[in-house]
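Presented below is the structure to which this report refers.
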Amino acid sequence: MKRTFLLLLLLIPASWMLAQQFDIEAFSDSTKYGWENYLDRAEYRDELSRKQALLQLYELEVNSLRKSVLKSMIAPGWGQFENKQPVKGSVFLASEIAMLGASLYFFDRSNYYYRKYLNATQVEEIESNFNAAVAPRQYSLIFAGVGALIWAYNVFDVIQGTEEYNARVWERIETKDRESRIRLNGAGLEIEF
């Protein structure tokens, strides 16, 4: 208890000595925001309120980056479909299916010759079956590697695509708001005459 009291007695004078003077005039100077008078402040406040109302509409239409990436990790191209890029989504999906199919085909061919290699009894038959099993296994690994690269690029592309899509949504909402005489905002309908 005595230590706490002594510590407080030392900290209070130290904080008074180290404290800076608060300049209320510099803090309340509205010209640092580019406002010269009350009308500028009111205009800024109205613009901010308008953008907040538009932001509510934006939140309804925007795609979540996390969800788009997760969808593309589950199925390549799904995130692109979400971002209204069906051609890209189809290309990613088709190329991933093709790489997976080719990889599985060559893996199956390799296993076929490998099983024959295991069952072979003659030296020439053992060597020919082993050599026949090696090349398809390498092709299988190559196609699987290319498939993994396509998958990774798919995730990278969906990140960029989602950001572009969300930017287009915001531009469309702002353009629609500027051109419209009837506006929907967070408070309700607003009609301009």
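Overview of results
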item	result
Residue within the stretch 85-100 that is under 20 Å from Q160 (Cα atoms), surrounded by fewer than 12 Cβ atoms within 10 Å (Cβ to Cβ), modelled with pLDDT under 95 and hydrophobic (A, V, I, L, M, F, W, C) present	yes
Any hit, the stretch 7-30, residues being polar (S, T, N, Q), within 29 Å of E174 (Cα to Cα) and at pLDDT below 85	yes
So G161, is it surrounded by fewer than 17 Cβ atoms within 10 Å (Cβ to Cβ) and outside any strand (DSSP E or B)	no
Residue match in the stretch 61-69 (condition: in contact with a helix residue (DSSP H, G or I) (Cβ under 8 Å, 6 or more places away or on another chain), acidic (D, E) and at pLDDT below 75)	yes
Matching residues, the stretch 114-127, being more than 44 Å from the chain's Cα centre (by Cα) and under 30 Å from A98 (Cβ atoms)	R115, K116, Y117
All positions within the stretch 126-141 that are among the β-branched types (V, I, T) and either free of Cβ contacts under 8 Å to residues at least 12 places away in the same chain or in a loop (DSSP other than H, G, I, E, B) (or both)	I126
All positions within the stretch 107-125 that are surrounded by fewer than 12 Cβ atoms within 10 Å (Cβ to Cβ), part of a helix (DSSP H, G or I) and either touching a strand residue (DSSP E or B) at 6+ places or on another chain (Cβ under 8 Å) or not charged (D, E, K, R) (or both)	L118, N119, V123
In the stretch 57-77, the residues that are of a type in the set (S, T, N, Q) and surrounded by 14 or more Cβ atoms within 10 Å (Cβ to Cβ)	N63, S68, S72
In the stretch 72-96, the residues that are farther than 19 Å from R168 by Cβ and of a type outside the set (F, W, Y)	M73, I74, A75, P76, G77, S90, V91, L93, A94, S95, E96
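Here is a yes/no grid of residues against (1) among the small types (G, A, S); (2) surrounded by 14 or more Cβ atoms within 10 Å (Cβ to Cβ); (3) in contact with a Ser or Thr (Cβ under 8 Å, 6 or more places away or on another chain):
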| position | (1), (2), (3) |
| --- | --- |
| E127 | no, no, no |
| A133 | yes, yes, yes |
| A144 | yes, yes, yes |
| A152 | yes, no, no |
| E171 | no, no, no |
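The values are calculated or read from the model by the stated rules, or taken from the named source; none is laboratory data. In this text, all values refer to a predicted model and were calculated from it rather than measured experimentally. Cβ coordinates were reconstructed from backbone atoms using ideal geometry, including for glycine residues, and neighbour counts include every protein chain displayed.
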